[in-house]
Amino acid sequence: MIYAVIDTNVLVSSLLTKKEDSPTVKVMDAIRDGLITPLYHKDMITEYIDVLNRPKFNFSKEKIVNTINKIIKYGVEVFPKPTGEILIDMDDLIFYEVAMEKRDDDAHLVTGNLKHYPIRDYIVTPAEMIAILSKI
């Protein structure tokens, strides 16, 4: 079992894709299967809700509720300490800080936007997370 912060873009991609074997879908499946324990904070949940409800995505309310409930049901709420990190998009800071709070437990941050975060070996793409899971 691996702790991981799931960036909003991973949720969006997993819902948009038609490919059941895409890395983003596999990450979400790994949550359901108990291989990944998602880490979250209320501010992340708020962002998930805001982004997934954007009209351009046209996701059903059921899909949105199921996705967010999966994070909460299988996840662990984290209350991070400030890191002082400055990111390109400061809206991403809560995701980074939640991951940092649980680094002692080998937490990862899974994102499709690596450029938004510092280069660290624990900040990974969905495909890299699936490769990590395949080794355990």
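Inter-part distance, segment 66-132 to segment 10-37, computed on C-alpha centroids, equals 16 Å. Give me log10 I(q)/I(0) at q = 0.16 Å⁻¹ for the chain, Debye formula, one equal scatterer per alpha-carbon, no solvent. Summing over Cα pairs of the chain leads to -0.76.
With 25 Å as the limit, the listed pairs 63/135; 61/135; 26/102 have 63/135; 61/135 beyond it between alpha carbons. The ranking of 18, 26, 73 by Cβ neighbour count inside 10 Å, starting from the fewest, reads 18, 73, 26. Remark: 59, 95, 79 ranked as 79, 59, 95, counting other beta-carbon atoms within 10 Å and listing the fewest first. With springs only between Cα atoms under 10 Å, which of 80, 55, 23 fluctuates most in a Gaussian network model of the chain? The residue with the greatest mean-square fluctuation here is 55.
Throughout, read-outs are computed from the coordinates displayed, never taken from laboratory work. The model shown is predicted, which means the values in this text are computed figures rather than measured ones. As a convention, Cβ positions derive from the backbone with ideal geometry for all residues, glycine included, and neighbour counts pool all protein chains shown.
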